[in-house]
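Trainee: Take this structure first; my questions come after.
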Amino acid sequence: MAESLADRKRRARRILDGLARMYPGARIELESSTPLELLVATILSAQCTDQRVNQVTAGLFPKYRTARDWAAIPPARLEREIHSTGFYRAKTKSILGMARALVERHAGLVPRTLEELVELPGVGRKTANVVLGNAFGIPALAVDTHVFRVSQRLGLARSDDAEKIHDQLCQVLPRPRWTQASHLLILHGRRVCAARKPACPTCPILALCPWSGKTKAVPAAPGARRRAG
């Protein structure tokens, strides 16, 4: 029998509770101290690890503090400075365009609405939601590759389109917990529910997961227990 929306909402809350117990310190791993820094860091994080982005921004943020500072950087210089994050030409174009738009349209300040954020060059819905949820404390659900994968395995959403996954998740997850849910699902996707070999036997929410592709515990080799003793 198909799961009703009410039942899925109840299961979603139990999933969040279980993940929150496993990852009590779940938070964004990109380091920033202002909304503008987080916006830049999130743009840089595309197809790049948060650790690498943090290494790069540690040298950038003390030099470029305002949108005007970022808008004035010569493209060739910024390309060199962010080269190690990958796709540096496209990211340079996005960051410079975003900074110029902030100066021209928003007096250099990062806007606080989804509609205004996604109008900035290089800022999509995911990036906007990262900023809203983590810089401004506005409940927002960011769908990255981990959230996209894990939420479908958990049967909380189903689509080939990230925006539809976002909208379905917003239906079943409590609004006050949207930002937390992003962090929990991302961490779970990195540490347990990996793309190729998920560690299902160690999963704290295994009983709540309907995915048919669960992995099983690898049996110990004959005599292994005896040798270990």
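The values are calculated or read from the model by the stated rules, or taken from the named source; none is laboratory data. Note that this is a predicted model, so its numbers are computed, not measured. We place every Cβ from the backbone using ideal geometry, glycine too, and count neighbours over all the protein chains shown. The protein model used for the area step is the full one, side chains on, heavy atoms only, and it has no ligands, DNA or RNA in it. Shrake-Rupley method; radii C 1.70, N 1.55, O 1.52, S 1.80 Å.
Trainee: Around L30, under 12 Å between beta carbons, what's the net of Lys plus Arg minus Asp minus Glu among the other residues?
Mentor: Local net charge: -3.
Trainee: Could you give me the percent of Cα pairs per 5 Å distance bin for the stretch 1-148, shortest bin first, beginning at zero and ending with the bin that holds the maximum distance?
Mentor: Computed distribution, short to long bins: 2, 9, 17, 21, 19, 12, 7, 6, 5, 2, 1, 0.
Trainee: Apply the Karplus curve 6.51 cos²θ - 1.76 cosθ + 1.60, θ = phi - 60°, to the phi angles in the stretch 70-86 and return the couplings in whole Hz, x for Gly and Pro.
Mentor: 5, 5, 8, 6, x, x, 4, 5, 5, 4, 5, 6, 10, 3, 6, 7, x
Trainee: If one takes the longest principal axis of the Cα atoms in the chain, at what angle in degrees, from 0 to 90 and to the nearest 10, does the Cα axis of helix 5-22 lie?
Mentor: The answer is roughly 80 degrees.
Trainee: What whole-number distance in Å separates the alpha-carbon centres of the stretch 1-16 and the stretch 95-123?
Mentor: 37
Trainee: Please give the per residue accessible area of the chain, computed with a probe of 1.4 Å over protein heavy atoms only, in Å². Each step should come with its number before you reach the end.
Mentor: Values: 12540 Å² over 229 residues.
With all protein chains present, the chain gives 55 Å² per residue.
Trainee: Given the whole protein assembly as supplied and a 1.4 Å probe, what does the accessible area of C200 come to in Å², nearest 10?
Mentor: Roll a 1.4 Å probe over it and C200 shows about 10 Å².
Trainee: Sorted by average packing, counted as other Cβ atoms within 10 angstrom per residue and highest first, what order do 117-124, 183-190 take?
Mentor: Those peptides, ordered most packed to least, come out 183-190, 117-124.
Trainee: Counting only protein heavy atoms, what percent of the accessible surface of the stretch 46-156 is carbon or sulfur at a 1.4 Å probe?
Mentor: Carbon-and-sulfur percentage of accessible area, whole number: 53.
Trainee: Averaging the inverse of every distinct alpha carbon separation and then flipping it gives the Kirkwood radius. What is it for the stretch 130-225, in angstrom units?
Mentor: Kirkwood hydrodynamic radius for the stretch 130-225: 14.4 Å.
Trainee: From the helices alone, meaning DSSP H stretches of at least four residues, give me the mean residue ellipticity at 222 nm for the chain, per-run term -39500 (n - 2.57), in deg cm²/dmol to the nearest 500.
Mentor: Theoretical 222 nm ellipticity from helices: -16000 deg cm²/dmol.
Trainee: Jot down the radius of gyration and Dmax of the stretch 67-204, Cα atoms only, both in angstrom.
Mentor: My reading of the Cα-based Rg and Dmax gives 17.3, 53 Å.
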